[in-house]
Structures are given as C-alpha cells and as structure tokens.
Amino acid sequence: MQKIEIKEGPRFEHYRAYGSLTSTVDSFLKKVQGPVSKLKDHTIWMINSTAIGGGVAEMLPSQMRILRELGMSIEWLVIEASNPDFFTLTKRIHNAIHGSGDGAFNEADKEVYEAVNRENLDAALSLIQHGDLVVVHDPQPLPLGRMIKEHLDVSLIWRCHIGLEEQNEVSNAVWDFLSPYFEPYNEFVFSLESYTPKQLEGRTTIITPSIDPLSHKNRTLSLDKCLGVLHQSGIINTKPPLLYPFYEHRVRRVMPDGSFGPVNAKSPLDIIWYPTVFQVSRWDRLKGFKELMDAFILLKKRSKDPNGKSAFNTKRIKTTRLVLAGPDPKFVADDPEGNQVLQELINTYSELPKEFQDDIALLLLPMDNQKENALIVNALQLASNIVVQNSLQEGFGLTATEAMWKRKCVLVSGAAGLNHQVQHGVNGIMNKNPKDIEALTSTLEFMLNNPHDREAWGFNAQVRVIENFTLFSPLYDFIELWVKIKQD
C-alpha cells in the first residue's frame, strides 16, 4: 500500500481571482465553516487503486488541497496488488456494473479479490486510527473496508463512481457478488440516483463528480503555451524556438502498419491547421471509439460526393481530422484490458486506405508525468473544434465537463452522466445512440458545418459547468455527509 503525497496547488485566493468563480467560492466558504469545525479532530482517509489515470486519481489531489486549507486532516492511500489476476477480475467487475460481460463470478474470483485486499490490511491498520473516517473508492478496495472495520472503530463510506441507469441481468449478478462486503459501511455514494442497486436502496447519497477549473488539465492556456505543449509532446512539428525542452516521453502515434512511432513520422497531423474532432478516454470498448471511427470514415466517404452541398462545406469535411487519444497501456496498472482494446482499434486502422489513415490519429499519451499528461489533454481539447464522448456506458464523463469548461463544443452520447450534463441544442449536442453510425455521421457533419452554433453551445457549456460541476459543490455535500455520519 502506498501513501500518496499531495503537491501544493491552487488556493482559495486563486479561485476567487476568476470572476466567474468568485461567488461560488464565497458561498462555499460561508456555508462550510460550521460543518468543518466538527471534523477537525478526525482524519479522513481516501483509499483507491491507482494514483495516476482515471477520474478518481485526478479529482482527489484538488479536493484534498481544499480540505486541508480548511484545516481538515485528510490522507490518500493506494492499494497494491501482487497478483495480476486481481486487476483482470476488477475490470470484469467494472464492466459488469456497466451491464457488460457475462456477470459470472465464482469462489475463485472471491479468493483473489479478498487476498489482494488482505495483503494491504496491515499497512492500512498501521496508519488508520480509531475514530477516523475511511472513504473507499470503487470496487477494487471494497473488501478492505470490511477488513479494517473488524479491527478498528471507524466510519466507512463507499464511493462508487460507475453505474448503469437500468439494471440488467449482468449488473444484478455483480451486485450480488459485491453485496457481502456492504454490511459494515455507514453510507454509499453514487453519481446518479439511477445507479443505485436494489441492495443499497435507502442507504445512498447522490453526489455528482466535478472538475478543478484550475488544474493543469483545465487551466487557461495562452496560445503560445498551448502550441508549446503540442510541440513539446511531439504532436505538432513546426520547429519553433522553445521556451521549455521536449518532454522526456512524447506522444506516440499508431503507424499504418500497426507499430508505434513519432506522431508526424509518416504523415503530418497538423491539427492546428485543420478542423479536428477529438475524443480522449481509457482504451475501453464502452467508450465508443470504434463507432466514432466508423462514423468518421463514413463522413469522409460522403464528402467525395458533394450532392448539392456547398463547395466550402465539402472542403471543410475533406480536411477534418479525427484524433482518438488514450493512455499508453504500460503506464496504467489497473486496466489490463486496455491494450487489447487498443489492438482492436489498431487492426481496424491498419486496414484503412492511406487517405483515411492520414486523417485519423490514434495517439498514446504518456502517463509517467501527471502534469505533462494533463497539459497534453488540455492542449488537445483547446486545439479541437468538437470534443466527443461517444460512450456506450459512462460513469459520469468528466472528459465532457473539462471540454465544456473550456467553452468547447461537445458531442456526447445519451449515456448516463453525459445526459445529466449536456442539454441538447443548448450547451452541446447529444446523439443518444452511440452505435447508430448513420445518425452519428449526420450529427458530425451538421456540427462541423455550423461554426456559429458551436460557438454558442461552447459559451453556454462553460456556464453550465460553473453553475453545477466545479469542485466546491460536491465537496460541501461530502462534508455534510461526513458530519452526519460522525453524529449518528
């Protein structure tokens, strides 16, 4: 088990300096003083399965810095697994909660699940004390909470960041598998009401995820900084003078033969000169990468037959690029399925005609340096005309939230979490069925050829995020919940 150290970052004064955030920060500080005073004698422990990659690992540092500035004691632990079968199992659990897979879990799975968590128990017990509050995130460390409770008088919360709007046979099966670990927990937190399984009805609190608007992934980048990041990471190759050196690990691109190489080795990507459609996620079948690629290819094929369309719009479509980005699988220990999904996309890409390969980029983003990775995603989102999240299933979809904060036009599927954020035709566009290639193609064409609408949707999107999805609102909800649990 690792104890993760949190680096210094933005303070309240930095958030207040943004006029769009001033009232939000002031309201938070006014409401939170009383509840916080009731928690200062206790340490709060966050426990999850990874310190890099994924929404939980991104959200925790910002939340912890804010809580520490309020005078609260809060720490972060990450479990470790010696058995590689553990993360294969927990990926199956993850997929099953989304309703995907067969939902079949047996006694051998239970043994692997509990053994790895038990390996982390002694380290947890050496740090956590009686009276502390323990927040366990997602399925990987779920059994650890029960084990800790057998030795210490602590308060327990399980925060599940994933779910399915309408439970099916597969999801019901995995909830049955997980239910023996629920008993000692005081409360359960989900992102949406519809995610709550029947086993936990009446025991849950709903708290939506959020973004830190001043994190490296979301902070405002000047034009020279944005271009500098794209150059330092190897995404563009314009050879300007550099204020900072190249990153140690640069972005790699899938080559036509399926190998990995520098982004511009075979053909220039040049996204700063071309209309760009962009999606970034884990390499996961549920993220809808393949469907988005199929729709983009169909869009390109249609551009060969103008059929009465304006010459300008036809040219815009012909020059548009598609960028699909995800983490380099070697840097993400808890997602063994990622490399397999990436290979499936590579196989599809390798079979495309060269003209389509030049317009599509599969990018592997280095994960060794969290700041650099965040800046790369930030710059790619800023350089894009449309940011897509075409998920078949989605926990919440903070990649869309990030783009909305940047006033980018977003195209999302109707997956839960995404449909909670995007109001169709107001602050983005929703193509409800991510597998409907025909509809997705038409939607892309419509959005690309209506730049003034994209600008309006982007402006409204930032307002939507400010009002609902910055880190202060959910933090207050958590503080209230912690006070309630300690008083019960």
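The values are calculated or read from the model by the stated rules, or taken from the named source; none is laboratory data. From a predicted model like this one, the values you see are computed outputs, not experimental measurements. So basically every Cβ, Gly included, is an ideal-geometry build from the backbone, and we count neighbours across all protein chains shown.
Structural remarks
For (1) in contact with a Lys or Arg (Cβ under 9 Å, 6 or more places away or on another chain); (2) outside any helix (DSSP H, G or I); (3) more than 20 Å from GLN421 (Cβ to Cβ), each residue gets a yes or a no:
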position	(1), (2), (3)
GLU438	no, no, yes
GLU445	yes, no, yes
ALA456	no, no, no
GLU467	no, no, no
TYR476	yes, no, no
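- Whichever residue in segment 191-223 is among the charged types (D, E, K, R) and assigned to a loop (DSSP other than H, G, I, E, B) and, among such residues, is farthest from HIS98 (Cα to Cα): ARG219
- Within the span defined as segment 11-19, every residue fails to be more than 18 Å from ARG219 (Cα to Cα) and either surrounded by 15 or more Cβ atoms within 10 Å (Cβ to Cβ) or in contact (Cβ under 8 Å) with a residue 40 or more places away in the chain (or both).
- When segment 80-111 is filtered for residues that are without any contact (Cβ under 8 Å) to a residue 24 or more places away in the chain and closer than 15 Å to GLY338 by Cα, only ARG92 remains.
- Long-range neighbours under 8 Å by Cβ, at least six apart or interchain, first residue more than 15 Å from THR443 (Cα to Cα) within segment 295-310, second modelled with pLDDT under 95 and surrounded by 14 or more Cβ atoms within 10 Å (Cβ to Cβ): PRO306/THR314
- Residues that are under 30 Å from ILE429 (Cβ atoms) and charged (D, E, K, R) within segment 241-288 comprise ARG253, ASP270, ARG282, ASP284, ARG285, LYS287, listed in sequence order.
- Among residues that are free of Cβ contacts under 8 Å to residues at least 60 places away in the same chain, part of a loop (DSSP other than H, G, I, E, B), of a type outside the set (A, V, I, L, M) and farther than 30 Å from LYS432 by Cβ, ASN264 is included.
- Residues of segment 47-99 that turn out to be among the hydrophobic types (A, V, I, L, M, F, W, C) and in a helix (DSSP H, G or I), as a count: 13
- Scan of segment 413-447 for residues that are surrounded by fewer than 21 Cβ atoms within 10 Å (Cβ to Cβ) and either of a type in the set (A, V, I, L, M, F, W, C) or under 18 Å from the mean Cα position of the chain (by Cα) (or both), ordered by number: GLY414, ASN419, HIS420, VAL426, MET430, ILE437, ALA439, PHE446
- Scan segment 221-268 for residues that are touching a strand residue (DSSP E or B) at 6+ places or on another chain (Cβ under 7 Å) and on the phi > 0 side of the Ramachandran plot and the total you get is 1.
- In segment 108-134, residue surrounded by the fewest Cβ atoms within 10 Å (Cβ to Cβ) [restricted to those that are under 28 Å from GLN393 (Cα atoms) and acidic (Asp, Glu)]: GLU114
- Among residues that are surrounded by 13 or more Cβ atoms within 10 Å (Cβ to Cβ), free of Cβ contacts under 8 Å to residues at least 40 places away in the same chain and touching a Phe, Trp or Tyr at 6+ places or on another chain (Cβ under 6 Å), THR204 is included.
- Considering residues of segment 348-362 that are under 16 Å from ALA325 (Cα atoms) and not hydrophobic (A, V, I, L, M, F, W, C) only, the residue surrounded by the most Cβ atoms within 10 Å (Cβ to Cβ): ASP359
- From the list VAL323, VAL341, the lone residue that is without any contact (Cβ under 8 Å) to a residue 60 or more places away in the chain and among the β-branched types (Val, Ile, Thr) is VAL341.
One line per residue, one yes/no per condition, for (1) basic (Lys, Arg); (2) touching a Ser or Thr at 6+ places or on another chain (Cβ under 7 Å); (3) at pLDDT 95 or above; (4) assigned by TED's automatic domain parsing to the domain that holds ALA96:
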| position | (1), (2), (3), (4) |
| --- | --- |
| ILE235 | no, no, yes, no |
| MET255 | no, no, yes, no |
| THR276 | no, yes, yes, no |
| ARG282 | yes, no, no, no |
| MET293 | no, yes, yes, no |
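- When we screen LEU298, LEU230, LEU269 for residues that are crowded, with 22+ Cβ neighbours inside 10 Å and assigned to a helix (DSSP H, G or I), the only hit is LEU230.
- Those residues of segment 168-181 which are surrounded by fewer than 18 Cβ atoms within 10 Å (Cβ to Cβ) and either touching a residue at least 40 places away in the same chain (Cβ under 8 Å) or under 28 Å from LEU418 (Cα atoms) (or both), in sequence order: ASN168, GLU169, ASN172, ALA173, ASP176, SER179
- Members of segment 92-150 that are among the polar types (S, T, N, Q) and farther than 14 Å from ASP176 by Cα: ASN95, SER100, ASN117, ASN120, SER126, GLN129, GLN140
- The lone exception for SER23 - which of (1) surrounded by 15 or more Cβ atoms within 10 Å (Cβ to Cβ); (2) of a type outside the set (Phe, Trp, Tyr); (3) more than 26 Å from the chain's Cα centre (by Cα) it fails: (1)
- When every residue of segment 53-70 is checked against the conditions, none turns out to be closer than 22 Å to ASP328 by Cα, surrounded by fewer than 18 Cβ atoms within 10 Å (Cβ to Cβ) and touching a residue at least 24 places away in the same chain (Cβ under 8 Å).
- Residue check: LYS330 meets all listed conditions (1) part of a helix (DSSP H, G or I); (2) in contact (Cβ under 8 Å) with a residue 24 or more places away in the chain but one, namely (2).
- When segment 145-190 is limited to residues that are outside any loop (DSSP other than H, G, I, E, B) and of a type in the set (Ser, Thr, Tyr), the one that is nearest to VAL135 (Cα to Cα) turns out to be SER155.
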